[in-house]
Amino acid sequence: MKKSQAKAQSPRSTAHIVRRRLLQFLGIFVLGVTTGVGVAAVIKIPSVDAIGDFSPGLITEVQDAHGVPFRTYAIERRMLLEEGEISPVLRQALLAAEDKNFYEHGGLDLAATVRSAIINLRRGRRATGASTITMQLARTYFNLSREKKWQRKVQETLISVELEKRLSKEQILTLYCNIINLGEGRYGMKAAADYYFGKSVADLTLSEATSLTAIIPRPSERSPYRRPDVVIRERNVILGRMLQEKMISKEDYDTATSAPLDLITRKRTPEPGRYFAEDVRRYMETNHGVDSLYQRGLRIHTTLDLPMQRAAERAVRNGLSRLDRRKGWRRATRRLDEGEVAETVELASWPEQLQLEDWYEGVVLEVDREVARIRIGNGTFVLDLEGADWTGTKDLRRLFEAGEIAWFELLELEESQAEADQEITVSGRLALRQEPQIEAALLMIESSSGAVRAMVGGWDYGRSQFNRATQARRQVGSAFKPFVFGAALEAGYTPADTIFDAPVVFPGADLLMNYSPRNYKREYLGIITLRRALEKSINLSTTKLLDMVGAERVIDFANRCGIEADLPPYPSLALGAADLTPLELASAYATLGNQGVRVEPYLIERITTRDGRLIEEHIPRAVEVIEPEVAYVLTHMLQGVFRRGTAVSAADLPIAVAGKTGTTDSYTDAWFAGFTPRYSLLVWVGYDQVRYLGPGMTGAAAALPIWRSVIDQGLSDGWLQADEKFLRPPGVSTRRVEYNTGLLATHEASRTLDESFIAGTEPVQTYDPSWNRVIGLPWFQQRPFYGLPKEGERMPEDIDDWSLVLERWESKD
């Protein structure tokens, strides 16, 4: 009875069950849709439409004139792989480590998710994850929260599905390789391969590819330099997975797991052109914005020439060291703090690798009379009396004691290794050095184009970011005098014209007759040619010439050359009583060297995008501001500064050079500005706060040696040619004249030279030997032979009370 009843009810029961299951399915479907709509309403899903145009922050390169990078700017140090550039070995390492089912799933790996959940439940904690490569890309690209919440996981999943719909697997993997953080500020596999191994991605070995992959989960904790053991351990885990998945052979596995990391040495490298690069950075931020500089991966092609820049920096460093040593030893820079041990302390300034002729801070371990042991990094070095001979000491114990820190130059370096597994030890010989307190600025400009080829803004950018080459305004002293003589040439004077060099009074800034400049060592020469007055840098004659020509005319000449500062229209202007930047003065000298054609100095040739699209390009503007005849005659006069004048110590230079020393009152600023037929080069030396440089610290003593060092290096390296000559324009003639008088030379003249004249201004009077006796007299006895003063020329007898002038002159310090 029961069986028959069951059979009778079976069709109805089956239908009922079907209807119930269908209702349940519909209910679940409606609930799922409702839940999906609710989740979508709660969770904001960013648009993935633009991910195909992925353009992350890239490294902006600043390149020199030869295309060599010397500075980079970036928030993230990133280099991009193109699609198809991922090598097979790196692809396999990524799949084994991060997502072995990458090519099978559609963004979410359900099997891996279930497996991860079971493992985490068993262990009672989150021991493993199930994020696919696509999910990791979604999380990183869209900057999703790192918190382990269901909202973030839903976001990742939904975005991943969309990415898989829109992009190919190769595109997803390439984007992933470009966006991941691999530590040490490096983003993307290409940047990491270059930084850690000095290789392209295509050249990575199995060991190297898996080592990079091992960094991905925790880049801040897995630096190959700081924690190589952790990286090797995780690398070997990945290699084990690759072996298990039959991606590699047992032989490959054994070879790769036994391989050392073999990282390239991250040694401290010199960073030339720091001041130059900083000026470029400021320009970029002002004119193109911060984002363009740090994220667009631009190529900034500059005018800097690295060989010239290195020569300039070396010359400034050696020159300032030489000047500073004259002031003696100032004791060690500091002592170790309490609790610091000389044998174990690590100084922040120590690099990973030492280089000969570099300076380093060293800790004094012990010192006796003739030898001191100094620790730098992991090396112990020797300083002997010879290495400190510039201090004049015969006992090193007078210089410092154990525990003090000083600067040393590395003269000799020896490396040794007792056994294969031991660390390499270094030793060698040192020379004692000290950081100069004095500063300097240097500029080298290509006169014909205005391109700044070298710029030094101070002793060290790390010590002071103030760029003295472009920002400092200092009195230029006698370096201004060429502009006085240039204005005189325009007014019709010639190098052979004479002026009477004797004490005289001028109206000062208050218009009272109280300005009476004096010559160096209070020596006055009486009758003197303009050439001789410029070569010998005679103060009184230059001031008198400005007075005769007119201050406004001199200011106009200087402004046309490139000096933009306000110049005081007073007699003191002749002696450089104007505050100028080194860049202004160097630019003005470049105009003289460029035959009177003014070209604005500039730093940037062009700016392009990473793919070569032009953003900005410099277009030089050349304007003739001085007649070439005037520029050439003035240049010829300035050549005499080397042959017979204040720069005679560099007379043996085997190249055409012209220039002028500059020394301010009280020896606070020392200058040398000069030019070759191709380059204008300027050097300034002084303290940041106006301060006495020291006895005899003229432009010739302090600045000219630095200037000459650059020229010598240029001749040695070949970027200066000894056969370069100043080209004489057609409107200039040459006459042989007697040096002291400027008269046409005869066979009786003992000292002659070929003088240049603007055509039509040549002298006509010939030299008479009797002038020898006149020139040899004291200035006040020469006066009767001088004849009539030039128009507007002040003479001693023009002063009403000459005794007051003499009293003022003799009482001046």
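Worth pointing out:
- Within a straight-line Cα-Cα reach of under 13 Å, Lys521 can be paired with the following aspartates and glutamates, leaving aside sequence neighbours fewer than 8 residues apart in one chain: Asp665, Glu810, Asp813.
- Summed over all non-identical Cα pairs, the Kirkwood treatment of region 434-566 gives a radius of 17.3 Å.
- Carbon/sulfur fraction of accessible area - region 647-786, other protein chains in place, 1.4 Å, %: 52 percent
- Checking every one of the chymotrypsin sites (Phe, Trp or Tyr not before Pro) in region 688-748 against DSSP loop status and a limit of 12 other Cβ atoms within 10 Å picks out Tyr692.
- The C-alpha atoms of region 355-514 occupy a region whose extents along the principal axes are 81, 41, 32 Å, arranged from largest to smallest.
- When the trypsin sites (Lys or Arg not before Pro) in region 460-522 are filtered for DSSP coil states and for at most 13 other beta-carbon atoms within 10 Å of their beta-carbon, the remaining sites are Arg463, Arg473.
- Accessible solvent surface per residue of region 289-398, calculated while the other protein chains remain in place, 1.4 angstrom probe, Å²: 51 Å²
- Packing around the peptides 184-190, 336-342, taken as the average count of other Cβ atoms within 10 Å per residue, puts them in this order, highest first: 184-190, 336-342.
- Sorting the segments 445-457, 296-308 by their residues' average number of neighbouring beta-carbon atoms within 10 angstrom, most packed first, yields 445-457, 296-308.
- From phi via Karplus (6.51, -1.76, 1.60), per-residue ³J(HN,Hα) for region 517-529 in Hz, x at Gly/Pro: x, 10, 7, 4, 6, 6, 9, 10, 10, x, 6, 8, 6
- Cut-off under 5 Å, modelled amide H: who pairs with Ala656 long-range: Glu724
- Fraction of accessible area attributable to carbon and sulfur, region 189-289 (%, probe 1.4 Å): 46 percent
- A 1.4 Å probe run over the protein chains yields, for region 575-695, 37 Å² of accessible area per residue, whole-number rounding.
- Rg in Å to one decimal, and Dmax rounded to a whole Å, for region 275-347 via C-alpha atoms: 20.5, 50
- Measuring against 31 Å, Cα to Cα, the residue pairs Lys327/Lys544; Lys327/Lys536; Lys199/Lys250; Lys165/Lys250 contain Lys327/Lys544; Lys165/Lys250 as the ones spanning a longer distance.
- Surface composition of region 423-539: carbon and sulfur atoms hold 48% of the protein heavy-atom accessible area at a 1.4 Å probe.
- For region 684-774, alpha-carbon Rg over 2.2 N^0.38 Å: 1.67
- Across region 477-532, Cα-Cα pairs more than 19 Å apart make up 43 percent of the total.
- About its Cα centre, the dipole of region 166-224 is roughly 200 debye, where the only charges are +1 on Lys and Arg Cβ and -1 on Asp and Glu Cβ.
- Whole-Å distance, taken between Cα centres, linking region 233-297 and region 538-577: 57 Å
The values are calculated or read from the model by the stated rules, or taken from the named source; none is laboratory data. These numbers were taken from a predicted model, which means no experiment stands behind them. Note: ideal-geometry Cβ built from the backbone for every residue, glycine included; neighbour counts use all protein chains shown. Areas reflect the complete protein model, heavy atoms only, side chains present, ligands, DNA and RNA absent. Shrake-Rupley method; radii C 1.70, N 1.55, O 1.52, S 1.80 Å.
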